[in-house]
Amino acid sequence: MLNDRHILAQNIRQAQAAGACLHAACALAGIDSRTLPRWERDSGLTQGDRRPQATRATPAHALSAAERARILEIANTPRFAAMPPARIVPKLADEGVYLASESTFSRVLRSAGQTRHRGRDKTPRPTRPPTTHVATAPRQVWCWDMTY
């Protein structure tokens, strides 16, 4: 990727030296005309893309660890253990309790690995088509139920 940037920058600068406009050369290369000067200014041609390593601040409205633990505690009580968030949140709202939205409940349960088959629900089994009556041509199998 870094090597591609060097080649791309070199080609654009060669085109510019030959009389091409920076905007047109960058458009032909598939980058914005402000990208090349940014790469050159911010050492993007030597270090590459630094976005994955960037440190990002936690948003001010993010849930704290205590709030996440409270959501998991409520969702795992015997009363709500077999319910999805779409049923937990309205039940709590009827009681005048608001902890988080349905999507936040879902997000917290997903991060804890508790979104699949909550409670005593059994996992669905894959259904197979019937093997006893197989038609390979028209008018071979007659049946009043056309499920398959």
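The values are calculated or read from the model by the stated rules, or taken from the named source; none is laboratory data. Note that the structure is predicted; figures quoted are calculated from it, not measured. Virtual Cβ from ideal backbone geometry, glycine too; neighbours counted across all protein chains shown.
Per the listing ALA57, ALA82, the residue uniquely surrounded by 10 or more Cβ atoms within 10 Å (Cβ to Cβ) and outside any helix (DSSP H, G or I) is ALA82. The set of residues from the stretch 103-120 being surrounded by 10 or more Cβ atoms within 10 Å (Cβ to Cβ) and either modelled with pLDDT under 80 or in a loop (DSSP other than H, G, I, E, B) (or both) comprises ALA112, GLN114, THR115, HIS117, ARG118, GLY119. Apart from one condition, THR123 fits all of (1) polar (S, T, N, Q); (2) assigned to a helix (DSSP H, G or I); (3) not assigned by TED's automatic domain parsing to the domain that holds PRO84; the exception is (2).
Yes/no matrix, rows are residues, columns are (1) part of a loop (DSSP other than H, G, I, E, B); (2) surrounded by 10 or more Cβ atoms within 10 Å (Cβ to Cβ); (3) not assigned by TED's automatic domain parsing to the domain that holds PHE105; (4) not acidic (Asp, Glu):
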site: ALA9; (1), (2), (3), (4): no, yes, yes, yes
site: GLN16; (1), (2), (3), (4): no, yes, yes, yes
site: ALA20; (1), (2), (3), (4): yes, yes, yes, yes
site: HIS23; (1), (2), (3), (4): no, yes, yes, yes
site: CYS26; (1), (2), (3), (4): no, yes, yes, yes
site: ASP32; (1), (2), (3), (4): yes, yes, yes, no
site: PRO37; (1), (2), (3), (4): no, yes, yes, yes
site: GLU40; (1), (2), (3), (4): no, yes, yes, no
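Might you check whether a residue that is free of Cβ contacts under 8 Å to residues at least 24 places away in the same chain, under 26 Å from the mean Cα position of the chain (by Cα) and not in a helix (DSSP H, G or I) occurs anywhere in the stretch 43-51? Among the residues of the stretch 43-51, at least one is free of Cβ contacts under 8 Å to residues at least 24 places away in the same chain, under 26 Å from the mean Cα position of the chain (by Cα) and not in a helix (DSSP H, G or I), which makes the answer yes.
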